[in-house]
Amino acid sequence: MPTERPSERRHSVRTAVVWDALREVLDQPGTFHEQEARVVDIGGGTGGFAVPLAELGHRVQVVDPSPDALASLDRRARESGVADRVTGLQGDLDDLGGHVDEADVVLCHGVLEVVDDPTAALATIGGVLRPGGVLSLLVAQRHAAVVARAMAGHFEQARALLDGSPPGGRTPRTTGRRFTAAELADLLPAAGFTPTAVHAVRVFSDLVPGSLLDLEPGAAHHLLDLEQAVAEREEFFPLAAQLHVLATR
């Protein structure tokens, strides 16, 4: 078995909580026809989620505005032997209805932060998700962003984020919106979704020096175990760099 590179080790720690939640959904017996889900990955880029999902036997459509990212996705899918299960489509969330007929699972990771109207964006997703289908939503969490800005010495930006205002009055498409767990609890039902699970993502991994994970034997494993242990504890939601929500339509 090839040795995992340090960058891959850090990435696996940062994404493990999301993968655990997705696998639990996808592995439920009888959820999908012949256990093959129709997955749509909005802004899925080079296929960090799409290709592994295809390797699990699911069919994945990636909708992304970047032709370069889609070219990388195609190469990655071919190299992994799943090109027949992965389709790249150039577009964004606003174009979703024109690209997708119906999906069992929709991944919206790191996208809701930059749309003009989050409620309308979620409603668009709901329009292509089959009844009982699952939304996997991953967003940046505001409280951790405030702390990160302050620790970097960007106190004015931290103050602006504290109240939910874009730093310097800039638009969300240039700065990125941030969310709290309470805001998501209001936003999703308003768009017709019922949240079923919330997970804290990257509570500790952004704070731990990369050199420690690279040099200390077993450190990455123990950090991963810690991230998984706090993922569903509400008291850690405000400390998480990201929040992951599973919701049904």
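The values are calculated or read from the model by the stated rules, or taken from the named source; none is laboratory data. Note that the structure is a prediction, hence the values are computed from the model and not measured. With ideal geometry, Cβ positions are generated from the backbone for all residues, glycine too; neighbour counts draw on all protein chains shown. These area figures cover heavy atoms from the full protein model, side chains too; ligands, DNA and RNA do not enter into them. Shrake-Rupley method; radii C 1.70, N 1.55, O 1.52, S 1.80 Å.
When region 184-206 is filtered for residues that are under 17 Å from A140 (Cβ atoms), part of a helix (DSSP H, G or I) and in contact (Cβ under 8 Å) with a residue 24 or more places away in the chain, the ones remaining, listed by number, are L184, L187, L188. The single condition among (1) in a loop (DSSP other than H, G, I, E, B); (2) at pLDDT 95 or above that L135 does not meet is (1).
Scanning region 194-232 for residues that are under 30 Å from T124 (Cα atoms) and over 17 Å from the mean Cα position of the chain (by Cα) turns up just one, T194.
Has region 223-241 got any residue that is hydrophobic (A, V, I, L, M, F, W, C), over 17 Å from G110 (Cβ atoms), modelled with pLDDT under 95 and touching a Gly at 6+ places or on another chain (Cβ under 9 Å)? Scanning region 223-241 turns up no residue that is hydrophobic (A, V, I, L, M, F, W, C), over 17 Å from G110 (Cβ atoms), modelled with pLDDT under 95 and touching a Gly at 6+ places or on another chain (Cβ under 9 Å). Restricting attention to region 207-236, the residues being open to solvent by 50 Å² or more (accessible area, probe 1.4 Å) and outside any loop (DSSP other than H, G, I, E, B) number 12.
Of the residues examined, D41 is one that is assigned to a strand (DSSP E or B) and at pLDDT 95 or above.
If the condition is being open to solvent by less than 40 Å² (accessible area, probe 1.4 Å) and either out of contact with any His (no Cβ under 7 Å at 6 or more places or on another chain) or within 13 Å of P52 (Cα to Cα) (or both), then region 19-31 contributes L22, V25, L26. Scanning region 123-138 for any residue that is surrounded by fewer than 18 Cβ atoms within 10 Å (Cβ to Cβ), more than 24 Å from R23 (Cβ to Cβ) and not polar (S, T, N, Q) turns up at least one such residue.
Residues checked against (1) among the polar types (S, T, N, Q); (2) modelled with pLDDT of 95 or more; (3) under 17 Å from the mean Cα position of the chain (by Cα); (4) more than 30 Å from Q28 (Cβ to Cβ):
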| residue | (1), (2), (3), (4) |
| --- | --- |
| L96 | no, no, no, no |
| V100 | no, no, no, no |
| V105 | no, yes, yes, no |
| L122 | no, yes, yes, no |
| F155 | no, no, no, yes |
| A160 | no, no, no, yes |
| T171 | yes, no, no, yes |
